[in-house]
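Accompanying notes for the structure given below.
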Amino acid sequence: MTRDSPAWQWQFGALARHAALRKPTVPAVSLPPLVIKLGGSLLSQPGWPQGIADLLQALAARRAEPPALLVVGGGGVVEGLRQIDAASPQPAALMHALAIDLMGITARVVSAATGLQLTAAWPDAGATGARLLDVPQWLAKNQRLARLPVGWEVTSDSIAASVAAAYGGQLLLVKSVPPPCEPDSPIQLEALAAAGWVDTHFPSVAADLTAISWAARRA
């Protein structure tokens, strides 16, 4: 790595609606807004604030406009909640609400570490740079929370897809590992859910998105 190289190297790929994560059919200059789902597991890796900066820089170089909105997963804090629930099951609605609250906490951590601004809505027209979504506040509006199933089958994957669907946007899934498929091989969303790479509700909520892609840290 040269002195000026990014600390984190990222690899990118496309997923199709039903076979290859979908690619947009519009010119780059008119790409719809981009929602980035940042896997919470990435926050347990050393240097993650720089990793996020390198990701955004790489995306800005690939797109005609900067990425718009990041949805941060719950990571280790939500996994701890899962373990508590597994040891002594609690009401599903309570665990669901607490997991969403914890996504708000991880977003605040990322905001403090990166300087990215928190928002509860899509950035105003003319806004530049990326923003972090305050998921609990966003879901509290317009009955959005009520439209999500209650249970562990809904994770930040489906929530990010819901955000992208609400604004007619594309979705980029940023994960610790690439999807479980051979390079350039098509894969159905249902297969990704069955493999645990996305949650089981994801294929349903992502069905109408204009494009879905992925990024993972290069080993």
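Quick note: the coordinates plus some simple rules give every number you see, no bench work behind them. As the structure is a prediction and not an experimental result, all values here were calculated from the model. Counting neighbours? That spans all protein chains shown, and the Cβs are built from the backbone with ideal geometry, glycine included.
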Peptides 35-46, 105-116, 160-171: what's the order by average Cβ count within 10 Å, highest mean first? 160-171, 35-46, 105-116
So how far apart, in nm, are the two label points at Ala146 and Ala92 if each is 7 Å from Cα heading toward Cβ? 1.9
Which of the peptides 191-197, 138-144 is most tightly packed, and how do the rest follow, judged by the mean count of other Cβ atoms within 10 Å per residue? 191-197, 138-144
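Cα gyration tensor of the range 63-219, axes a ≥ b ≥ c as square roots of the eigenvalues: rounded (a/c below 1.5), prolate (a/b > b/c) or oblate?
rounded
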